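Notes follow the structure.
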């Protein structure tokens with residue numbers, strides 16, 4: 001059983017160069033104008049595995065809430081059986097997917113602040129029923145049976161483009177009659193952007209002051225519209241900044257990486273890698289090199 005890495009940062013078109021996904025397994029579809037304020041990207045994935053063969057894929061967290069529609073065999077995640085159609089809560093910890101037979105479906109990544117409009121619940125409540133932040137919830141629990149119905153219609157569509165068009169139609173219908181993102185969602189989105197643009201280095205009290213709230217209110221806004229705490233979002237932003245820097249350093253000096261990335265020291269860097277990526281920095285680089293050698297540029 002092999003294990004590979006999957007990483008996608010905001011500015012990656014499909015996935016990062018570190019990923020071990022075979023060329024052609026992923027395809028991005030444009031997001032329609034009516035949904036661009038709510039949907040970051042739509043990805044189609046399709047991959048077949050020989051009978052009896054499994055692949056583990058370690059997914060580095062991006063902090064997003066997403067919807068997943070499995071048309072093939074749903075991968076298990078961290079030992080939990082996959083579901084045909086699911087909403088996955090924001091997470092700051094890695095997920096290990098176990099894939100077998102035919103893996104096929106659509107992944108829809110929501111923008112910060114979009115969960116309440118599309119799913120009807122605060123971002124921080126998705127997956128909390130299982131007691132694990134970032135865990136998956138069957139979409140029917142939020143859409144009252146409409147998730148499975150949409151999946152059935154997708155399965156019967158004549159092409160991938162037709163499936164995506166159907167998805168667009170249903171998502172737009174769910175937005176009809178709902179108010180556009182209010183002041184609270186806009187404030188949370190702005191705060192998240194401030195943290196991300198600083199690489200997670202901006203003190204949270206300054207972020208709260210910048211949007212005109214106190215730190216307690218900032219916590220509430222993040223729970224409702226981001227799905228992570230401000231601290232967890234900051235940790236992810238710092239790690240993502242470090243991962244971008246590593247793409248420019250094939251042979252990094254880890255003490256320098258730690259200092260330039262805003263970590264206390266090299267030990268702090270190692271601990272954050274283990275917590276957020278599930279591997280040490282050197283293990284990450286080894287897997288990244290192995291993945292990029294198998295992936296089309």
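Nothing in this text is a laboratory measurement; each read-out follows from the coordinates by a stated rule. Since the model is a prediction, treat every value here as computed from it, not as a measurement. Cβ coordinates were reconstructed from backbone atoms using ideal geometry, including for glycine residues, and neighbour counts include every protein chain displayed.
Compute a Gaussian network model of the chain, connecting alpha carbons closer than 10 Å, and tell me which residue from 88, 211, 39 fluctuates the most.
211
Using helices alone, what [θ] at 222 nm do you get for the chain, with -39,500 (n - 2.57) per DSSP H run of 4 or more residues, divided over all residues and rounded to the nearest 500?
Working: 11 runs with 116 residues, N = 297.
After summing the helix terms and dividing by the residues of the chain, the value is -11500 deg cm²/dmol.
Computed over the Cα atoms of the chain, what is the ratio Rg over Rh, Rh following Kirkwood?
Working: Rg = 19.0 Å, Rh = 19.9 Å.
So for the chain, dividing Rg by the Kirkwood Rh gives 0.96.
Once you have the Cα-Cα distance between residue 80 and residue 152, take 0.36 nm times their residue separation minus that, and quote the gain in nm to one decimal.
Working: separation 72, 0.36 × 72 = 25.92 nm, distance 2.30 nm.
Contour length minus the Cα-Cα distance gives 23.6 nm.
With an 8 Å Cα cut-off and a minimum separation of 6 or more residues, compute the relative contact order for the range 2-175 in percent.
Values: 361 pairs, mean separation 37.1, N = 174.
This gives 21 percent for the range 2-175.
For a protection proxy built on the mean count of beta-carbon atoms within 10 angstrom, sort 92-100, 230-238 highest first, please. If you can, show how the numbers build up before the last one.
On the way: 92-100: 18.6, 230-238: 21.4.
For the peptides 92-100, 230-238, the packing ranking is 230-238, 92-100.
Which residue fluctuates the most in the chain, going by a Gaussian network model with Cα springs under 10 Å, if the choices are 111, 174, 158?
In this elastic network of the chain, the residue with the biggest mean-square fluctuation among 111, 174, 158 is 158.
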